[in-house]
Amino acid sequence: MKKVLFVLLLCAAALAQRNPEAPPPPAPGTTGAPQAAAGPIPVQDENVRKARQLLDQCVQALGGQAWLTYRTKQGHGRSYSFYHGRPNSLGVQFWSFWKWPDMQRTEITKQRDVIYIYNGDKGYEKTYKGTRALEKKDVDEYLRARHYSLEEIFRVWLKQPGVALFYDGPTIAENKQAERVTIMNAQNESVSLDLDTLTHLPIRRTFDYREPDTGWKDTDVEAYDGYRLEDGINTPHTVTRYKNGDMIGERFYATVQYNTDLPDSMFQATVTYDPFKSPTIPK
């Protein structure tokens with residue numbers, strides 16, 4: 001009898017382990033589905049939240065709505081070009097005119113007699129010889145820089161569906177403490193912004209691209225410094241360009257103005273000659 005009772009106790013213990021006591025029935029008015037436990041925000045969501053916060057702070061530091069919505073910009077200063085990181089000229093005066101979304105005019109030399117115009121996806125050069133269409137590689141380079149400009153990133157990229165934001169953490173940019181944010185659009189194009197930890201202003205913009213002819217990957221960097229308030233907008237008065245780590249150009253602005261009246265006619269041009277075509281000799 002004791003042996004039978006011992007076996008029954010062992011069976012009961014085994015059943016208890018395989019079928020633990022069922023949870024209490026759900027309270028009236030509930031479905032009985034398991035409830036998620038409260039806990040920290042997922043790492044991915046926190047990363048996106050941090051990136052968005054930094055971008056919002058950047059816009060406010062630049063001037064808020066005044067910066068987001070300005071329509072024209074013009075400036076005057078001196079420009080330098082570089083070869084292998086060294087200046088290859090004494091610099092040249094420039095006058096620049098920009099009109100949202102896709103018009104740019106730059107006049108160079110003291111006489112302002114060399115003019116470059118970009119309108120939409122077209123580019124022109126005007127000199128004493130007349131007006132010629134710029135070569136495709138020069139236009140493509142300009143269009144690429146415009147596509148990755150700060151205005152394009154904040155006004156277009158961030159409003160597109162499928163855009164992804166990434167907080168990449170603290171970094172050093174132009175010898176300043178910064179935090180990096182990367183924006184990727186639905187076309188898998190990405191651009192990184194290094195934002196000043198103290199002021200939240202952009203220090204550097206970086207993107208990679210493939211050379212159309214060789215397929216080699218190049219890195220384009222634009223750095224901003226010398227911020228001053230102009231017409232309510234925090235404006236960099238020094239803009240430096242780098243390609244694959246080498247400095248290729250630098251602009252120093254003496255004056256900048258926003259929302260001045262710039263007629264569309266300033267950005268119009270008609271081709272009058274082809275430099276690659278031999279002139280026709282009259283008979």
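What follows is calculated from the coordinates using simple rules that are stated; it is not laboratory data. Quantities reported herein were computed from a predicted structural model and do not represent experimental measurements. Cβ: placed from backbone, ideal geometry, glycine included. Neighbour counts: every protein chain shown.
Numbers at a glance
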read-out: Residues Arg86, Arg204, Arg112 arranged by fewest to most Cβ contacts within 10 Å; value: Arg86, Arg112, Arg204
read-out: Förster radius 30 Å - calculated FRET efficiency between Thr214 and Arg78 (Cβ-Cβ, nearest 0.05); value: 0.35
read-out: Label zone at Leu198 (point 7 Å along Cα-to-Cβ), backbone N below 11 Å, the stretch 231-260; value: none
read-out: Contour excess over end-to-end distance, with Cα ends at Asp168 and Gln53 and 0.36 nm allotted per residue; value: 40.1 nm
read-out: Normalised per residue, the volume of the convex hull around the Cα set of the stretch 43-267 (Å³); value: 141
read-out: Cα-based Lys pair tally, the stretch 43-267, threshold under 18 Å, eight or more apart or on separate chains; value: 12
read-out: Peptides 68-80, 261-273 ordered by average Cβ neighbours within 10 Å, highest first; value: 68-80, 261-273
